[in-house]
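I have placed the structure first, in the form of structure tokens, so that the comments after it can refer back to it.
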Ligand SMILES: Cc1ncc(COP(=O)(O)O)c(C=O)c1O
């Protein structure tokens, strides 16, 4: 069979179908809260964009010049000096472009264990071999990376270093520097996938890996701070690589939607995105706190969970011989859902783990959903 036909469909997708019954309180999808979308601001931005006929025309592969400049300025303002970016159709496309350009049969890519499962799908489709690196509460363990690099010689390391999907963990600043040193010494490229970094609810920002390693391809997204339906992301890389990836994108889809890019540029020019993000952080922070408090009150002794400073996810490990896929079937009969953790592991799945998102339910729903889950675990 051709290798793309043997890639399993994403369990998250299959699950989302099962959890769409209105009575289900779903902690499964990594979705932003729709009631917090800035619908009026986005509508006004599309109105502005549509005053120009050119937004319905073909456009350059690199992306809308205003949007590129605005995104570059935002990254520079966050401590990552940026002269240009490639606009992509979500950061998922950026991952696909990197995989197409840099991986293939015979290539080796190193990932955290566990990691974002749609990145694993993307890498598997190229026929590359995936090797895993251990992580703990401070993110990827540099010692483990050193031994994986010596043994497996990967060309690429994929990281979600800030408020990771699925664990919510953040790679410490000192480990970022250590990993940058390992990358420099072994000609390793790092992909820093950072859709959640601006959603911080406590503590202070950690410098991006790209600010300490020039061997980094940095991926950003409008999906979690703006609206995922607009499908807008960006990729920052050294100039040579940016050119190569632009050519790969040209072959993939010519360019990202002209009108959506123009609307995003108009939105950024006429709105204070930081103020919008600050509002998201207040609400998501309260939801995070509600989920953590409910976990402390209801989970069986021996359960462990991550305590994220931001992002969308809490990662749980249940005690005993539990399979969270079986548990999900019970949970669905009690009208509550989560994502079983096994799919996030590239090599050695831990079946007692699960991922819960706290962003798309209000505090009261979180309390009710956690009470339902507690009944399943009795
Ligand atoms: C770590 C990570 N990378 C990439 C993506 C894809 O995001 P986008 O909507 O920008 O394609 C997601 C979405 O959940 C994600 O969690």
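Taken together, the values in this text are just the output of simple stated rules run on the coordinates, not laboratory data. Note that the structure is a prediction, hence the values are computed from the model and not measured. Cβ atoms come from the backbone with ideal geometry, glycine included; neighbour counts cover every protein chain shown.
Determine the relative contact order of the stretch 171-327: mean sequence separation of Cα pairs under 8 Å and six or more apart, normalised by residue count, in whole percent. Relative CO of the stretch 171-327 lands at 21 percent. Shape summary: the stretch 11-146 maps onto an equivalent ellipsoid whose semi-axes, from the alpha-carbon gyration tensor, are 32, 25, 17 Å in decreasing order. Measure out, as a whole number of angstrom, how far apart the alpha-carbon centroids of the stretch 119-191 and the stretch 355-376 sit. Each part reduced to its Cα centre gives a spacing of 31 Å. Peptides 241-248, 208-215 ranked from most to least packed give 208-215, 241-248, packing being the mean of other C-beta atoms within 10 angstrom over each peptide's residues. For the chain, the relative contact order comes to 25 percent (Cα pairs under 8 Å, sequence separation of at least 6).
Relative contact order, whole percent, for the stretch 55-270 stands at 28, derived from Cα pairs under 8 Å and 6 or more residues apart. Taking a quarter of the surface of the Cα convex hull of the stretch 55-270 gives a mean projected area of 11.3 nm². Which percent, nearest 5, of DSSP beta bridges in the stretch 55-270 are antiparallel? Bridges in the stretch 55-270 that DSSP calls antiparallel: roughly 35 percent.
Applying 1/(1 + (r/R0)^6) with R0 = 41 Å to the Cβ-Cβ distance of residue 329 and residue 275 gives a FRET efficiency near 0.45. Between residue 37 and residue 50, residue separation times 0.36 nm minus the direct Cα-Cα distance comes to 2.6 nm. In plain terms, if you count all Cα to Cα distances in the chain and split them into 10 Å steps from zero, the share in each step is 5, 23, 33, 27, 11, 1, 0 percent. Counting only DSSP beta bridges with both residues in the chain, the antiparallel share comes to about 50 percent.
Helices in the chain, meaning DSSP H runs of at least 4 residues, each add -39500 (n - 2.57). Divided by all residues, the mean residue ellipticity at 222 nm is -13000 deg cm²/dmol. When peptides 308-315, 198-205 are ranked by their average number of other Cβ atoms within 10 Å per residue, the highest-first order is 308-315, 198-205.
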